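Working notes for the structure below.
The values are calculated or read from the model by the stated rules, or taken from the named source; none is laboratory data. Values in this document were obtained by computation on a predicted structure and should not be read as measured data. No Cβ is skipped: glycine too gets one built from the backbone with ideal geometry, and neighbour counts run over all protein chains shown. Heads up: the accessible areas ignore ligands, DNA and RNA and are worked out on the full protein's heavy atoms, side chains in. Shrake-Rupley method; radii C 1.70, N 1.55, O 1.52, S 1.80 Å.
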Amino acid sequence: MAKSTETAAQRAQRTIHAGGEWLAASSGATREILDPADARPFAVVAEGDEQDTDLAVAAARRAFDTGDWPQTPVADRAAVLRRVADLLVRDRESLGLLESRDAGKTVEEGRVDIDCVADAFRYFADLVAGEGAGRVVDAGSPDIHSVVVYEPVGVCAMITPWNYPLLQASWKIAPALAAGNTFVIKPSEITPLTTIALIDLLAEAGLPAGVANIVTGPGHTVGARLAEHPGVDLVSFTGGLISGTKVAQAAAVTVKKVALELGGKNPNVVFADACETEEGFDTAVDQALNAAFIHSGQVCSAGGRLIVEESVRERFVAELVRRARRIRLGRGTEDGVECGPLVSEQQRARTEDYVASALAEGAELRCGGKRPEPSPRRPESGYFYEPTVLDHCHRDMRVVREEVFGPVLTVETFRTEDEAVALANDTEYGLAGAVWTADAGRARRVAGRLRHGTVWINDFHPYLPQAEWGGFGKSGVGRELGPAGLAEYRESKHVYQNLAPKPVRWFTG
Ligand code: NAD
């Protein structure tokens, strides 16, 4: 169809971007994007498949092999990234709102996400612009000039989840572009809208056509094709353990570089001494609530495992439950709402299943455990679920071992420091964890023993773009953010120059 005769609705369905062109799916298939607050469709996107993926990879390949971006001076690449950050600030309200409707979070959370996305672009712009032209190596002779230089990996495939759609994308896109790569991104099929919008901002900021490509569509087709594609040099995946394992297996066939940011089962360890003052108690309870229930617990680093010292447990849990009951659930775009719905019916059903299994295994339900009463700001058709506290849990329960990814907090107790550490480390994951204590020595000791990629002392959830993010164990492979987050997108090359070449005479003939 001639583009000039298209309706607005048809234009909106061209959400595949390859080589600078917005395209519909080659099959013509589309997908409705639902608002999790009422399950009503509010957007339609192209449902891409393997053929669309091949097209996008070919465009990224061309842009890398024959385009200017990989050779663009670092200062110019950094300038593009900074312009992207400025455009994100300009569009903060509309993007924050879009993220809220797409992922079900409150608009304020959506705005904070966009601020963090802009920070990621600025951080990687500054990091790359501040670097020298490689690392000179002492080869032990004035006749040898030896330098290690860093070059882009090539075509990067990026696969992202639905909980922080644009933020997770930015932790990949910003360093990949800073390093001079081209990319194809596949956002989650249920929350693709802000990533689509970002592709336009990248072009507006001056990124050459073909460098940034997107294919909207499902994991088992588009994602799987990206992971196995021979034209892709690196695949960076953020999502669940099961899909991540499949991505790693598919990528191994062509020996791609692989970065995996997977799930977590994150302990929040509270020592009694953190609760000795009223202020300390109030802060620890407040942050335990935030750790577990922000974004309805759909956070990879959610503090869903409260591990509290036996002597303060009753007081701590009682206050936590009192506050959890008061969390205002509703549509994320409504004023006064503190927590939105779960992202999908599937995610709520999964949460309900975990709660049922916990109760069957002997946990005590202290609050929640059900869908809330509908109200004008909480339509019955929305995927709401009450913040849930399960007491008397133990490490053998499924709900304690597996990632719920919903508003469910389990409570376990300990008596000694060793027991606290053993419990906190008793997980196949290792993404993040926290320790609350007034004893500075204990804080450092416990932090040092926790086998998790991020450890908070007397805090929960903050991250810094300058500090690496990633997991031990089955929480993943590699790191995002920080200098290591840039290194993921680079190959190092040793350039050894002999300034006074002579024969080596190893062979005498
Ligand atoms: P998911 O694994 O279901 O999906 C993630 C992405 O992978 C989606 O884009 C999906 O379409 C795609 N996908 C699914 N199957 C695939 C396949 N076979 N091949 C290629 N791609 C495939 O995860 P989700 O439900 O979207 O997100 C929740 C998960 O993400 C949680 O486990 C959470 O802990 C994790 N997560 C981790 C981090 C982190 O930084 N470690 C951050 C956010 C989310």
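A few notes on this one:
- R0 of 22 Å, Cβ-Cβ distance ALA467-ASP286: FRET efficiency to nearest 0.05: 0.40
- Accessible area of PHE293 in the full protein assembly, 1.4 Å probe (Å², nearest 10): 10 Å²
- Neighbourhood net charge (14 Å Cβ-Cβ; Lys/Arg +1, Asp/Glu -1) for VAL89: -1
- When the alpha carbon gyration tensor of the chain is reduced to an equivalent ellipsoid, its three semi-axes come out at 41, 31, 19 angstrom, largest first.
- For the set LEU320, LEU127, solvent exposure ranked by accessible area (probe 1.4 Å, protein chains only) runs largest to smallest as LEU127, LEU320.
- Normalised contact order of segment 74-150, rounded percent, pairs of Cα under 8 Å and 6 or more residues apart: 30 percent
- DSSP beta bridge pairing in segment 69-207, given as percent antiparallel to the nearest 5: 40 percent
- Nearest-20 debye value, the chain charge dipole, Cβ charges on Lys, Arg, Asp, Glu: 900 debye
- Dipole of the chain, positive end: most advanced residue of THR416, SER100, ILE199 [Cβ charges, Cα centre]: ILE199
- Signed unit charges on C-beta, dipole axis of segment 366-509, positive-most listed residue ALA438, TYR463, PRO376: TYR463
- Taking 11 Å as the cut-off, the amide N atoms of segment 123-152 that come nearer than this to a point 7 Å along the Cα-to-beta-carbon line of ALA500 belong to 141-144.
- Of all beta bridges that DSSP places with both ends in the chain, some 45 percent have antiparallel geometry.
- For ALA43, net neighbour charge (Lys/Arg +1, Asp/Glu -1) across residues whose Cβ lies under 10 Å away: -1
- With all protein chains in place and ligands, DNA and RNA left out, the 1.4 Å accessible area ranks ARG40, ARG371 as ARG40, ARG371, largest first.
- Of the whole protein surface, CYS393 contributes about 10 Å² of accessible area at a 1.4 Å probe radius.
- Degrees separating the helix 92-103 axis from the principal Cα axis of the chain, which is the longest one: 60 degrees
- Taking 21 Å as the straight-line reach from the Cα of LYS370, the lysines in range (excluding those fewer than 8 positions away in the same chain) are LYS105.
- Under-5 Å amide H pairs with VAL137, H placed in peptide plane, nonlocal only: SER146, VAL147, VAL148
- Helix 165-178 vs. the chain, principal-axis angle (Cα, 0 to 90°, nearest 10): 30 degrees
- Rounded to 10°, Cα long-axis angle of helix 193-204 versus longest principal axis of the chain: 30 degrees
- Projecting the Cα atoms of GLN249, ALA58, ILE190 onto the charge dipole of the chain, computed from C-beta unit charges around the Cα centre, puts ALA58 farthest toward the positive end.
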